[in-house]
Structure formats: C-alpha cells, structure tokens
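Have a look at the structure below before the remarks.
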Amino acid sequence: DLGQIKKKIEKEQYTTLHDAAEDVRLVWKNCMQYNADGSDFFKLADSLKKRFEDRYAKLLKELNIPPQTGGSGGTGGSGSGSSSGRGAAPVPTLDEKRTFAKNLYKISKEELGKVIVDLDAGCPEAITKNSAEDQVEINVDNYAGVV
C-alpha cells in the first residue's frame with residue numbers, strides 16, 4: 001500500500017525512482033483489479049493512476065532521467081524470484097488469484113495461519129511481513145502457483 005511505499009522511500013530502500021514508481025503502479029493495479037468496475041474505489045484508483053503517470057513523466061523530464069524501457073507490467077520485478085525450482089507449476093490466472101484472495105476471508109484463523117506458513121515456505125515473494133506491527137500481507141499478484 002502507499003504507506004509501505006512511503007516507509008520504503010523514507011528508509012531509502014528503493015534503488016531507482018523507477019522501482020518506486022512500479023510499486024505505486026501496483027497499488028493502482030491491485031485496487032482496480034479487486035474492486036468492481038465503476039465502483040468508487042475503482043474510479044479513484046484510475047484517476048490517481050492517471051495523475052501519477054502525468055506527474056511522474058514531468059518529474060523524469062525535470063531530472064533528465066530516461067523513461068524505463070522494456071515495458072513494465074506493473075508487477076514489480078517481472079517474475080524475479082520465481083525461479084526457485086517450481087518451473088513445472090502452472091502460473092495462476094487472474095480469476096484464480098481473485099478466487100484465492102476472496103477465499104482468504106472465508107477461512108478460520110488457524111487455516112489462515114497455515115496458508116501464511118505454506119506461502120512463506122513455498123512462495124515467499126507473496127508475503128510481506130511487518131513484525132513491528134505484527135502484520136503479514138499476502139500479495140496475490142506475486143503468488144506464483146501451487147505451494
């Protein structure tokens with residue numbers, strides 16, 4: 001979320017401006033992906049996405065930084081980290097990811113704990129831990145298949 005991006009900026013954890021921009025794009029993408037077309041959240045994310053891209057382009061121009069090449073899918077790394085020997089597992093479709101995310105709200109705390117442990121062991125790029133707040137975030141966009 002934007003709060004995590006702000007913290008990463010403050011802690012200077014981004015190596016490039018483009019890396020930070022990719023995370024911002026992922027916030028808009030996730031909001032639009034997991035909220036119904038036409039909903040207030042969808043419209044707001046779409047509006048903020050456009051404003052961000054306009055201002056980001058101006059900032060790059062002002063700083064004489066070339067735009068990122070190679071096309072960004074908004075995935076924040078084009079699959080890096082998913083080459084850990086699970087090449088045979090099929091990549092989940094968008095609908096499968098949505099179903100997975102929705103089903104997380106339907107399971108017990110114990111079952112959710114097991115899902116988090118399994119994801120952490122088999123697909124750690126899908127887990128963001130915040131030990132200071134005792135929180136775990138599951139990013140289904142980084143989920144790379146069967147765990």
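You can think of it this way: the chain between D54 and V117 has 18.7 nm of extra reach, that is 0.36 nm per residue less the Cα-Cα gap. Less than 5 angstrom separates the built amide H of I127 from those of N139, all sequence-distant by 5 or more or on a different chain. When each of the peptides 26-33, 135-142 is scored by how many other beta carbons lie within 10 Å of its residues on average, the order from highest to lowest is 26-33, 135-142. Taking a straight line from the alpha carbon of K29, these lysines sit under 16 Å away, with near neighbours fewer than eight places off in the same chain left out: K43, K49, K50, K97.
Computed from the coordinates by the stated procedures, all read-outs in this text should not be read as laboratory data. Everything numeric in this text was worked out from a predicted model, so none of it was measured. Because the Cβ atoms are built from the backbone with ideal geometry, glycine has one as well, and the counts that use them run over all protein chains shown.
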